[in-house]
1. Any residue in segment 188-200 that is aliphatic (A, V, I, L, M), without any contact (Cβ under 8 Å) to a residue 40 or more places away in the chain and under 19 Å from residue 236 (Cβ atoms)?
2. Within the group 241, 176, which residue is not polar (S, T, N, Q) and not in a loop (DSSP other than H, G, I, E, B)?
3. Would you please name the residue that is farthest from residue 147 (Cα to Cα), looking only at residues in segment 91-130 that are of a type in the set (Ser, Thr, Tyr) and crowded, with 18+ Cβ neighbours inside 10 Å?
4. Taking segment 105-139 as the region of interest, how many residues are under 30 Å from residue 84 (Cβ atoms), in a strand (DSSP E or B) and small (Gly, Ala, Ser)?
5. Name the single residue, out of those in segment 156-174 being surrounded by 16 or more Cβ atoms within 10 Å (Cβ to Cβ) and closer than 30 Å to residue 110 by Cα, that is nearest to the chain's Cα centre (by Cα).
6. Can you tell which of 53, 36 is of a type in the set (S, T, N, Q), under 26 Å from residue 140 (Cβ atoms) and modelled with pLDDT under 90?
7. Kindly indicate which of 142, 157 is part of a strand (DSSP E or B), touching a Lys or Arg at 6+ places or on another chain (Cβ under 8 Å) and either of a type in the set (Gly, Ala, Ser) or over 30 Å from residue 243 (Cα atoms) (or both).
8. Of everything in segment 37-77, what is over 15 Å from residue 259 (Cα atoms) and aliphatic (A, V, I, L, M)? Give them in sequence order.
Amino acid sequence: MITKKKHAGSRRAITFAATLMWVASGLTAAESAAPTEVPKKWDTTASATATLTRGNSETFMMTLGLDAKRKWENDEVALGVSGGYGESKVNDVNTKNTEFLQGYGQYNRLFTDRFYGGLRLNGEYDGIAGVEYRFVVSPMAGYYLIKNTNMTLAVEGGPSLIDEHLKGQPSHGYWAARVAERFEYKLSPTTKVWESLEYLPKVDEWADNYLLNFEAGIDTAITKHWSLRVVFQDMYANAPANDRKQNDIRLLAGTAYKF
């Protein structure tokens, strides 16, 4: 992570030399303390995966994603959108096996260095899972259990309003609770791993109607901007659309570009 600072022009050479010595020391001073970070610009990453086979069977699948994050002294914003399409052809019969579009936005207001309140919005369409649309609005309170240079672990929770239309069923809305956690760890200056878990049970049917979303991934830089990544996603709906399975699993391997 690169932090920009303003320095007087007459002292740039001295500052540059001191910075090199500081980097060579392994950033131990920065890791042992908890300094206030200088506000940065948007951290934006575009990702893509593709699968293509030809021969006895013909398959094609592509997913695209775009994520953007920014932190200020007391505010945090995260935005993202992703989509995918895939089909297979066997004996001249085309079958669609992937079709989804989803997006999210989250705003956090830090009241202390670790405690925050926020609002999260989610939208989703999944033609294979029979989700015509699902919108989730979630006000929340959260807390960073771990927050340092290389590792963060946050837990958050609050009520959620879910409005959805599942194929073969009338559209409806209901109240749910939301409990979630987010973890990120930098294994090295070029490699990071992350994991998130979200649980949304309907308040009056918490054992029979709930959503469970899990994601884990690893990203390794190969240049300043390009990286390779593998992402595992598991979306579980205890009460899915008619004639649909409860579990949807994706394993995505591809590349990402950081702006």
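The values are calculated or read from the model by the stated rules, or taken from the named source; none is laboratory data. Since the structure is predicted, the reported quantities are computational estimates derived from the model, not experimental observations. Here the Cβ is made from the backbone with ideal geometry for all residues, glycine too, and neighbour counts use every protein chain on show.
1. yes
2. Step by step, each of 241, 176 is checked, and only 176 is not polar (S, T, N, Q) and not in a loop (DSSP other than H, G, I, E, B).
3. Out of the qualifying residues, it is 98.
4. Matching residues across segment 105-139 total 4.
5. Checking each candidate, the answer is 156.
6. Going through 53, 36 in turn, just one is of a type in the set (S, T, N, Q), under 26 Å from residue 140 (Cβ atoms) and modelled with pLDDT under 90: 36.
7. 157
8. Those that are over 15 Å from residue 259 (Cα atoms) and aliphatic (A, V, I, L, M): 38, 50, 52, 61, 62, 64, 77.
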